[in-house]
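The values are calculated or read from the model by the stated rules, or taken from the named source; none is laboratory data. These figures come from a predicted structure and were not determined experimentally. Virtual Cβ from ideal backbone geometry, glycine too; neighbours counted across all protein chains shown.
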Amino acid sequence: MFCYQCEQVSGGKACTRAGACGKSAEVAALQDLLVYSLKGLSLCAVRAGEMGIQDPDVDTFTVKALFSTLTNVDFDPERFEHLIRKSAELREALKEKLRKAGGDAAFAHESASYMPGAAREEMVKHGQAVCERVPDSSIGPDVQSVQDITLFGLKGIAAYADHAGILGRRDEKIYAFIHGTLAAMTRKDLGLNDWLALALKCGETNLRAMEILDEANTGSYGHPVPVPVPLGQKKGKAILVSGHDLKDLEEILRQTEGKGIYVYTHGEMLPAHGYPGLKQKYPHLYGHYGTAWQNQQKEFEAFPGAIVMTTNCLQKPRDSYRENIFTCGLVGWPGVRHIGDGDFTPAIEKALQMPGFAQDAPGAEVMAGFARNAVLGVADKVIDAVKKGKIRHFFLVGGCDGAKAGRDYYTRFVELAPKDTVILTLACGKFRFFDKKLGDIGGIPRLLDIGQCNDAYSAIQIALALSKAFNVGVNELPLSLVLSWYEQKAVAILLTLLYLGIKDIRLGPSLPAFITPNVLDLLVKNFGIRPIAATPEADLKAILG
Ligand code: FSO
Ligand code: SF4
């Protein structure tokens with residue numbers, strides 16, 4: 001296997017025997033084969049699109065299949081086998097439509113005619129063979145690097161487009177870009193500049209995907225409002241919901257109504273408490289349990305109820321809670337019960353059989369719900385505080401958490417940030433400091449949780465609104481981005497920030513293994529992107545002087 005798509009990558013280079021995330025070599029080969037077969041499907045979809053033939057099933061399937069290959073989503077070889085077969089089926093059906101419309105259904109690239117063998121072993125071998133790579137000498141390491149950045153960005157877009165699609169929001173341009181770019185990956189004649197342009201276009205398309213996801217979430221559940229979220233527990237039966245998918249959480253809340261079960265959020269589901277259509281409508285959405293994804297094995301073991309994973313990040317379930325955990329949507333682990341039809345009865349029954357929490361344990365509280373509407377609602381106050389010098393600087397300390405050492409930089413950065421600075425945060429990296437009491441500046445909290453990584457759109461809107469209010473470009477604002485990355489949604493967001501021309505981003509805890517020195521040079525020269533310094537003190541000094 002060869003996988004280097006996330007920050008957890010073995011030895012800082014690539015996972016070649018088994019994934020540090022728990023992905024087996026078998027699943028890695030099947031994921032590679034799936035991406036390969038999606039390229040063939042996309043070749044057909046592009047040609048069909050040129051002839052005015054749209055196939056929404058192909059579009060939906062492509063984003064779901066790509067999202068499945070994102071880090072910590074699906075570890076189940078059987079599910080990948082099914083996806084690969086389905087991809088070939090959809091492609092052949094699309095070819096038939098092409099023929100009927102008088103089009104040419106012949107393609108030079110083998111991915112457009114690949115038919116999976118009957119046995120999974122054959123597929124695994126084929127996956128290993130077609131994806132035997134790095135460095136692919138026919139295109140060179142730098143082109144390979146930017147092509148991979150773009151592929152990982154596409155996976156991030158696919159995640160956002162899938163979430164939005166589940167809530168009924170679609171944009172044909174997003175699907176067209178994904179198909180066009182996957183199809184372009186079958187070509188050998190595109191050079192570095194072509195791929196750099198496609199990578200930035202990927203950032204632009206991701207902005208649109210995040211925009212429709214924002215519309216989907218706020219349209220379905222209202223704009224988040226600031227709310228205190230208990231970190232303690234309530235006496236009674238319990239279900240823990242993790243991942244990012246609000247629709248799954250809503251379904252669980254609806255199906256547990258009146259059953260005497262309290263629902264807790266875990267990880268990236270914390271911001272759900274801010275949505276009136278979830279928290280206010282379902283009072284049994286009680287509080288938040290646990291911290292970031294990489295602590296789940298210990299935290300899930302101690303949870304006395306059922307656990308539902310709606311999306312990434314899933315880790316190998318321990319035997320101690322294997323019977324209590326359920327996956328749904330695109331998430332999968334071999335042998336773990338999967339809820340594929342939106343009926344959460346098995347998880348609810350499990351929660352009712354389990355002891356739940358024996359007594360009330362109030363615990364601390366954190367604030368959630370500072371998405372764009374809430375922050376921009378007090379924009380006048382914020383602008384006034386900046387003009388009067390009460391707020392010196394904003395830091396966006398956001399991104400993903402991870403299992404490797406070195407991430408306490410972000411905790412210390414937030415602790416050390418001077419009292420006249422405001423920290424905006426989002427995604428699961430915040431669990432390193434989300435319960436810190438940083439106080440406020442004239443009633444404006446110093447720590448503002450904008451939401452999930454999926455809410456990076458909200459952060460961008462806040463930055464754009466501030467730049468308009470101060471009549472300066474975003475790069476001239478007293479705002480610095482100090483980001484942590486882990487998986488491919490972070491790649492997509494980073495490309496969006498570069499597309500928007502945002503400069504001087506600090507990125508850590510380590511730089512992606514898929515960026516070659518030459519490509520890094522280009523990013524440094526054009527965007528001023530840099531690794532975080534060895535200490536937060538050094539970066540704070542460099543930023544604030
Ligand atoms: Fe985290 Fe995982 Fe939200 Fe990622 S839970 S690491 S960027 O999947 O998506 O922030
Ligand atoms: Fe390794 Fe990350 Fe790939 Fe998992 S997703 S195999 S940890 S690089």
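Some points to look at:
- Filter result for PRO334 (outside the structural domain of PHE61 (by TED's automatic domain parsing) and either touching a Gly at 6+ places or on another chain (Cβ under 8 Å) or polar (S, T, N, Q) (or both)): no
- Subset of region 485-503 that is surrounded by fewer than 24 Cβ atoms within 10 Å (Cβ to Cβ) and touching a residue at least 60 places away in the same chain (Cβ under 8 Å) - its residue that is nearest to THR205 (Cα to Cα): TYR499
- Enumeration of residues in region 296-311 that are more than 16 Å from ligand 2 (Cβ to nearest atom) and touching a residue at least 12 places away in the same chain (Cβ under 8 Å): GLU299, PHE300, GLU301, PHE303, PRO304, GLY305, ALA306, ILE307, VAL308, MET309, THR310
- Considering residues of region 246-290 that are assigned to a strand (DSSP E or B) and not aromatic (Phe, Trp, Tyr) only, the residue nearest to ligand 2 (Cβ to nearest atom): THR265
- A residue that is in a loop (DSSP other than H, G, I, E, B), surrounded by fewer than 22 Cβ atoms within 10 Å (Cβ to Cβ), outside the structural domain of ASP214 (by TED's automatic domain parsing) and of a type in the set (A, V, I, L, M, F, W, C) can be found somewhere in region 291-302.
Per-residue answers, yes or no, for (1) of a type in the set (Val, Ile, Thr); (2) more than 30 Å from ALA463 (Cβ to Cβ); (3) modelled with pLDDT of 95 or more:
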residue	(1), (2), (3)
THR311	yes, no, yes
PRO317	no, yes, yes
GLU323	no, yes, yes
ARG337	no, yes, yes
ALA347	no, yes, yes
LYS350	no, yes, yes
GLY369	no, no, yes
VAL397	yes, no, yes
THR411	yes, no, yes
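- The residue list ALA459, ALA463, ALA417, ALA358 contains one member that is modelled with pLDDT of 95 or more, under 22 Å from ALA272 (Cβ atoms) and more than 16 Å from ligand 2 (Cβ to nearest atom), which is ALA459.
For every residue, the table says whether it meets (1) near ligand 2 (Cβ under 10 Å from one of its atoms); (2) among the basic types (Lys, Arg); (3) farther than 27 Å from ARG170 by Cα.
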{"position": "ALA28", "(1), (2), (3)": "yes, no, yes"}
{"position": "GLN54", "(1), (2), (3)": "no, no, no"}
{"position": "PHE80", "(1), (2), (3)": "no, no, no"}
{"position": "LEU94", "(1), (2), (3)": "no, no, no"}
{"position": "LYS97", "(1), (2), (3)": "no, yes, no"}
{"position": "ASP104", "(1), (2), (3)": "no, no, yes"}
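- Each residue in region 2-13 was checked for being in contact (Cβ under 8 Å) with a residue 60 or more places away in the chain and either within 7 Å of ligand 2 (Cβ to nearest atom) or among the hydroxyl-bearing types (Ser, Thr, Tyr) (or both), and 5 of them qualify.
- Taking the criterion of being within 25 Å of ALA463 (Cβ to Cβ) and not hydrophobic (A, V, I, L, M, F, W, C), the residues of region 399-409 that qualify are GLY399, ASP401, GLY402, ARG407, TYR409.
- Some residue of region 49-62 being within 16 Å of ligand 1 (Cβ to nearest atom), under 25 Å from HIS338 (Cβ atoms) and surrounded by 21 or more Cβ atoms within 10 Å (Cβ to Cβ): no
One line per residue, one yes/no per condition, for (1) surrounded by 15 or more Cβ atoms within 10 Å (Cβ to Cβ); (2) away from ligand 1 (no atom under 16 Å from the Cβ):
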site: ASP455; (1), (2): yes, no
site: LYS468; (1), (2): no, yes
site: LEU477; (1), (2): yes, yes
site: LEU483; (1), (2): yes, no
site: ILE505; (1), (2): yes, no
site: LEU522; (1), (2): yes, yes
site: ARG530; (1), (2): yes, yes
site: LEU540; (1), (2): yes, yes
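- Scanning region 470-515 for residues being part of a loop (DSSP other than H, G, I, E, B) and within 16 Å of ligand 2 (Cβ to nearest atom) gives a total of 10.
- Yes/no for GLY40 being closer than 22 Å to VAL130 by Cβ, within 16 Å of ligand 1 (Cβ to nearest atom) and either small (Gly, Ala, Ser) or surrounded by 23 or more Cβ atoms within 10 Å (Cβ to Cβ) (or both): no
- Subset tally (residues that are over 14 Å from ILE307 (Cβ atoms), aliphatic (A, V, I, L, M) and under 21 Å from the mean Cα position of the chain (by Cα)) for region 235-277: 3
- Residue match in region 136-145 (condition: assigned to a loop (DSSP other than H, G, I, E, B), assigned by TED's automatic domain parsing to the domain that holds PHE80 and on the phi > 0 side of the Ramachandran plot): yes
- From the list GLY402, GLY406, the lone residue that is modelled with pLDDT under 95 and within 13 Å of ligand 1 (Cβ to nearest atom) is GLY402.
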